[in-house]
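Notes follow the structure.
The values are calculated or read from the model by the stated rules, or taken from the named source; none is laboratory data. No experiment lies behind these values; they were computed from the predicted model shown. A quick note on method: Cβ atoms are made from the backbone with ideal geometry, for glycine too, and the neighbour counts reach across all protein chains shown. Please note that ligands, DNA and RNA were not included when accessible areas were found on the heavy atoms of the full protein model with its side chains. Shrake-Rupley method; radii C 1.70, N 1.55, O 1.52, S 1.80 Å.
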Amino acid sequence: MPKLHQVFPALLMSLLPALCLAEATPISSGLACKSATQAINEESFVDIGGISQWVTIKGKHCSNPVILIVHGGPGNTMSPYASAIYGAWEKDYTLVQWDQRGAGKTFGKNKPGEETPLTIAQMADDGVALAAYLTQHLGKKKIILTGSSWGSILGVQMSLSRPELFYAYVGTSQVVSYRANQASSYKQVLSLAQAAGDQETVSKISALGPPPWNNPRNFGILRKAIRKYEALRTDPAPAAWWTPEPAYATQMAQADYEAGEDYSFLKFVGYKGDGMFSTVDLPATARSFGIPVFFVQGAEDLLTMPAITVSM
């Protein structure tokens, strides 16, 4: 069976001819790219939504289409691992990594208090502002948008809000519905544990009771079991992918990453199950898209169940 890192670039490559034709607009001398053949390698904080947010832009040729990668988690930034995972794509695309509000280097630059709010609408607005900035900064009419897991929630909202900024949206591990995704994960993991005679996991999951939950720890317990059974049923990602680049491997950078992950996840689940995740219901809010939409879904995904994604 083809793996995600094989399927995803092939899907984007199928869009290349049309995108390259669409990028015939001359590049202004005042932009980041001075010529179509120029390479670009930028790492900096960009003013987005009233705060400085960390953005990296890397590619071999300025003429290539731009992909904005919206990371998952929330709080699991991909900037530290971008070269290892996506480096080979840079010959065909200009890749943009973004440490979202409350995550990674953006968290470190703007440390929020525990009570500082974090909302889907706010972060989707950040993403739209970044996309608009990229079109101007890189001399592009539009860009490609992709989001994974948590990032797929933002990706949908961004594409609905400003479709004119994007050629297409590609969702991987697409989150569709708070209630449907969580209930399906719970049922499937419990079934797998029962079939395997894994009484420890059966006991832990059964003790939670079916979702929705009011205890923020419950989702973390389910996620731990999900990881266990996904690992048993799939091939692991290459170990080299998860070695952070030196600039992200310092003690301070690692502390900011972990603190941002904790902060963002708590805002995601909420103290009483009333966090950002509890508002997600795409069948009710995302009935029509103004751009092409593609979903890439793992058959063994236990967090965003394929059957739920297909139902959208």
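For segment 192-208, name all the residues that are open to solvent by less than 60 Å² (accessible area, probe 1.4 Å) and under 29 Å from the mean Cα position of the chain (by Cα). Across segment 192-208, the qualifying residues are LEU192, ALA193, THR201, ILE205, LEU208.
Here's a check for you: in segment 93-116, which residue that is assigned to a loop (DSSP other than H, G, I, E, B) and farther than 23 Å from SER159 by Cα is modelled with the lowest pLDDT? The extreme case among them is GLU114. Considering only residues that are hydroxyl-bearing (Ser, Thr, Tyr) and within 29 Å of GLY273 (Cβ to Cβ), look in segment 220-249 and name the one that is surrounded by the fewest Cβ atoms within 10 Å (Cβ to Cβ). So, considering only residues that are hydroxyl-bearing (Ser, Thr, Tyr) and within 29 Å of GLY273 (Cβ to Cβ), the one surrounded by the fewest Cβ atoms within 10 Å (Cβ to Cβ) is THR234. With respect to the stated conditions, LEU68 fails to be over 18 Å from ALA129 (Cβ atoms) and assigned to a strand (DSSP E or B). Counting only helices (runs of 4 or more DSSP H) that sit completely within segment 161-241, those holding 3 or more residues that are touching an Asp or Glu at 6+ places or on another chain (Cβ under 9 Å) and farther than 21 Å from VAL70 by Cα correspond to 178-195, 216-233.
The sole residue among ILE48, ILE40 that is among the aliphatic types (A, V, I, L, M) and within 19 Å of the chain's Cα centre (by Cα) is ILE48. A search for C-beta distances below 7 Å between a residue of segment 103-131 that is under 19 Å from GLY270 (Cβ atoms) and any residue that is polar (S, T, N, Q) and open to solvent by 10 Å² or more (accessible area, probe 1.4 Å), counting only pairs 6+ apart in sequence or on different chains, returns ILE120/GLN157; ILE120/THR279; ALA124/GLN157; ALA124/SER161. Identify, please: which residue in segment 285-311 is open to solvent by 50 Å² or more (accessible area, probe 1.4 Å) and in a helix (DSSP H, G or I) and is, among those, farthest from VAL189 (Cα to Cα)? Checking each candidate, the answer is THR285. Out of THR279, THR234, THR285, THR250, one residue alone is under 21 Å from THR77 (Cβ atoms) and either more than 20 Å from the chain's Cα centre (by Cα) or hydroxyl-bearing (Ser, Thr, Tyr) (or both). It is THR250.
Selection over segment 62-118 of residues that are of a type in the set (Phe, Trp, Tyr) and open to solvent by less than 10 Å² (accessible area, probe 1.4 Å) gives a count of 2. Of all residues in segment 75-112, those that are over 16 Å from ALA255 (Cα atoms) and small (Gly, Ala, Ser) total 5. Would you say TYR81 is of a type in the set (Phe, Trp, Tyr), modelled with pLDDT of 95 or more and out of contact with any Leu (no Cβ under 9 Å at 6 or more places or on another chain)? Here the answer is yes, as TYR81 does meet what is asked.
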